[in-house]
1. Please report the buried accessible area for the interface of B with A, total over both chains, probe 1.4 Å, in Å² to the nearest 100.
2. Using only Cα atoms, locate the centre of region A:178-246 and the centre of region A:13-64, then give the distance between them in Å, rounded to an integer.
3. Rounded to two decimals, what is the ratio between the C-alpha radius of gyration of chain A and 2.2 N^0.38 Å?
4. What is the pair-distance distribution P(r) of the protein assembly as shown, computed from all Cα-Cα distances in 20 Å bins starting at 0, with each bin given as a whole percent?
5. What ranking, highest mean first, results for peptides B:22-34, B:55-67 when packing means the other Cβ atoms within 10 Å averaged over each residue?
6. Computed on alpha carbon atoms, what radius of gyration and Dmax characterise chain B, expressed in Å?
7. Averaged per residue, what accessible area in Å² does region A:96-221 show with a 1.4 Å probe, protein chains only?
8. Give me the dipole magnitude in Debye, nearest 20, for region A:2-242 about the Cα centre, with unit charges on the beta carbon: positive for Lys and Arg, negative for Asp and Glu.
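The values are calculated or read from the model by the stated rules, or taken from the named source; none is laboratory data. Owing to the predicted nature of the structure, the values given are computational and were not obtained by experimental measurement. Every residue, glycine as well, gets a Cβ built from its backbone with ideal geometry; the counts of neighbours run over all protein chains shown. Please note that ligands, DNA and RNA were not included when accessible areas were found on the heavy atoms of the full protein model with its side chains. Shrake-Rupley method; radii C 1.70, N 1.55, O 1.52, S 1.80 Å.
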Amino acid sequence: MRELAALVRMDRIQLMRNPTALVMILVVPFGLLLLQAYLIPGTRTPVDADGRTAIDHFAAIALLVAAMSVALTNYPASIAGYRETGMLRRLDATPAGAGRVLLSQWVVSVVCLVLAMGALCALAVWVIGVPAPENPGALVLVAALGAMSLMSLGSLIAAVAANVPIAYGSGALLFMAGLLFAGVWTPGPLMPQALRDVGSVIPPGAMTQGVFSAWFEGELPLMTVVVLIVWAIVPAAFAARLFRWR
Amino acid sequence: MTTAVEVRELRKTFGSTEVLHDVTFSVRQGEIFGILGPNGAGKTTTIECIVGAQRPTSGTVEVLTRTPHVDRGAIRQLVGYQLQSSVLPNALRVREVLEVFARLYPAPRDVARLMDETGLTPLARARVGTLSGGQRQRLSIALALVGSPRIVVLDELTTGLDPQARLAMWELVERVSGGGITVLLVSHALDEVERLCDRLTVVLEGRTIFTGTPHELHELAPTAPDGGRRSLQDAYLELIERRSDAAGTRRN
Ligand SMILES: Nc1ncnc2c1ncn2[C@@H]1O[C@H](COP(=O)(O)OP(=O)(O)OP(=O)(O)O)[C@@H](O)[C@H]1O
Ligand SMILES: [Mg+2]
């Protein structure tokens, strides 16, 4: 515990003293949401039979975007940066251990995620006027599971990426794919069924669908929970095995 | 006197290239032991086998009777390692880095005292990114010492430092050694080796070609062709040249 706390302190200080990374986590999802709410016309007229608007769908997508920017880019890039500069090799000469080095980044990232997602929900509900969540407990649970599954996926990149550009590049590819399955280009009912089916068994799609149902329908499909739990465990387990110190 | 580090017939290959062919030496507890050799000779690779970061292809490495790559947990606590090239987190302050690393060890040194001993106290609040080369090396030594190791391994401690900073480092190493810690020192500087090392080994193209005291190294070629006394550096260069020729002939 003492070792983990020390590493968390180091990671936290580095993040706080490099605020660009912190700001980027919020800028993109906030920008997306505000753009949809105030600049794109017609986003507040119902698009489906239940009367949900495009902006409602984008509220769910914005949470995903925040989670992905932490889990698929910031987090792998931090670890890759440690690898690139030799910091990992230095840590390898101490009793810290790979598990704790990764776990420490998880702790810091999860705190960022909670703050970012909280801020996004507040913006959506109190400023933009998206209805308050039907089932806040389910929303928190599915958002947390979604974030974990994405962190787990990001761990695969973090485990092997030799340097920061490789980490960012691979993260960005997954990020774009994630946006597709989350429906950023085909919000709500516009999404083709095939895309929806594939999306429902991979983290970005499952998380958005889960968030949407918890938020607006007050439900939490068991299937989504199972899918997200599996994704939260399997890639992380592989990452721990693949982890490279140099 | 007991043995701190024992390296016997160490071989190490990376893929199909054999980097170490036969490295053999032993380091006694409490001594300052030098590892010399041209660039690419395999000094860092040898050290990485000693700290357990690399697994020997064959041969024996024992550190305080343990096998490093097997018993890594124990080795990480017993051996402090100053890497030849490592970048520390620039955003952190000197004291913060030391505090973080101290907490990674079960029985760390007192950070304030360690900073005093390594001359870092005036820099406690400086960001790592703003330190000069010599100041960084001080920090890197302090980090190698922070876990109360029995052995410290210093890979090119003074390369790139100005004469004053080198002298300060030497005094620091002497103080560390005076405290009973065994020191392994990789160096290219013969004046440094002459001043600090009790014994040394010379590695050439992955093979040990000499192990002994600086005096014994000098005795290998004490006089120049003109009859004058050679410096330790000249004696060392002569040894390297002779053995490189021999290695070249053997290969052809
Ligand atoms: N991971 C690796 N994979 C392949 N080759 C390697 C690896 N590490 C080292 N080598 C090779 O092994 C040889 C010895 O390298 P090493 O770093 O041990 O030399 P050195 O004696 O420390 O040199 P220097 O004085 O320049 O620091 C070099 O030719 C290097 O290219
Ligand atoms: Mg080297």
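1. 2400 Å²
2. 18 Å
3. 1.02
4. Taking all Cα pairs of the protein assembly as shown, the binned fractions are 21, 41, 25, 11, 1, 0 percent.
5. Highest to lowest by the protection proxy: B:22-34, B:55-67.
6. Rg, Dmax (Cα atoms, Å): 18.6, 58.
7. Value returned for region A:96-221: 40 Å² of accessible area per residue.
8. Here the size comes out at about 880 debye.
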